[in-house]
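Below is one structure, written out as structure tokens, with a few remarks after it.
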Amino acid sequence: MKAMLLNSYGENANFEVSEIAKPEVTANHVLVKIAASSVNTIDTMIKNMGNDLPLSPATPALLGMDFSGIVEAVGDGVEGFNVGDEVYGCAGGLADLPGTLAEYIVADSNLISHKPKGLTMRETAALPLVAITAYEGLTRAGVKAGQKVLVHGGSGGVGHLAVQLAKYFGAEVFATGTGENQKAIVEKFGATFIDFKTEKVADYTAKYTDGGFDVVFDTVGGPNLTNSIEAVALNGHISTTVSLCELDLTPLHFKGATLHVVFMLIPMLHNFKRDVHGNVLERLAEISNEGHLTPIVDENSFSLEQVGDAYAHLQSGKAIGKIVVEN
């Protein structure tokens, strides 16, 4: 089958068109003919940093984590999937798991689900990693109806889905960003927009809450976690996807707030409770089928052979929505 391989790592490394053996289905796995794959920030980090990241595959590396496609074969022990089913998932592209920048993938059936009925293959491929992350961050924080939720980076890959899911769970949602494009995205999904460049944390927290937000989902993280701690209510919850930093937790202590670190790759990396991801994907498909979850996909189209351009487009910072590579 055709695959795009990296024979070396680094910012100047190029994906090369290669012919490799089509994988054969194994027990508890399914063989999927890939229709589309999306590009995530972690993918570009692996390409650029290589062995500096402990989760990078050995070269020649087949990257790509998210996919949508059609089941072509079903392994022994698999239940709930049949040949011809349209599926999606996040199931490869790191450690010893071959990725999605190819014509086929053999995926652990615990890591996939049936695709949302109302979305195209292109849209569906944009969902798995970011949607699972958004769902995990909100549910671990116990989001429920009547709460006030603040999403930092509400127009980003994880953020715009977290806004939609928080609304679905019945919360009143606020989201930070800057500029008219980000404002339009946040407001499109029914959240109140907060321009972090013109509004101070103390000011918007006092303006919209009586003592702080019940839940803060911080997709920016790092130094921004201090803003999340300032904005969260007493005994509130903060979920973050970026905590690779040193931070004084004293203010968090005096608020009695809880910090949840979301690292959605754990089930893939450690073969730990992988069925949870499959179950979450099934739930996300249901929410999408009900009309409450739609990803924003960048208008640029990329073929499998143009994956290098797709990675460059993500790193340019000019993408609006998730970048998708189509087979």
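The values are calculated or read from the model by the stated rules, or taken from the named source; none is laboratory data. Fair warning: this is a prediction, and the values are worked out from it, not measured in the lab. Cβ coordinates were reconstructed from backbone atoms using ideal geometry, including for glycine residues, and neighbour counts include every protein chain displayed. To get the accessible areas, we keep the full protein, side chains included, count just its heavy atoms, and leave off ligands, DNA and RNA. Shrake-Rupley method; radii C 1.70, N 1.55, O 1.52, S 1.80 Å.
What residues of region 136-163 lie in the reach of a label at residue 207, counting those whose backbone N is under 18 Å from a point 7 Å from the Cα along Cα→Cβ?
Output list for this probe position: 148-155.
For residue 95 and residue 76 in one chain, what is 0.36 nm times their gap in residues minus the Cα-Cα distance, to one decimal in nm?
Fully extending the segment from residue 95 to residue 76 adds 4.4 nm.
Using a 1.4 angstrom probe on the protein heavy atoms only, line up 52, 108 by accessible area, largest first.
Accessible-area ranking of 52, 108, largest first: 52, 108.
For region 206-296, just say rounded, prolate or oblate: build the C-alpha gyration tensor, square-root its eigenvalues into a ≥ b ≥ c, call rounded for a/c under 1.5, and beyond that prolate if a/b exceeds b/c, oblate if not.
oblate
Please figure out what share of the DSSP beta bridges in the chain is antiparallel and state it in percent, rounded to the nearest 5.
55 percent
Take residue 187 and residue 45, extend 7 Å from each Cα along the Cα→Cβ direction, and tell me the distance between the two endpoints in nm.
3.3 nm
Give the calculated FRET efficiency between residue 270 and residue 315 to the nearest 0.05, with a Förster radius of 22 Å applied to their Cβ-Cβ distance.
It comes to 0.20.
If exposed trypsin sites (Lys or Arg not before Pro) are those in a DSSP loop with at most 15 other Cβ within 10 Å, what is the longest stretch of the chain that has none?
1-116
Starting from the amide H of residue 192, placed 1.01 Å from N in the peptide plane, find each other amide H under 5 Å away whose residue is 5 or more places distant or on another chain.
So residue 192 has HN proximity to 173, 174, 175.
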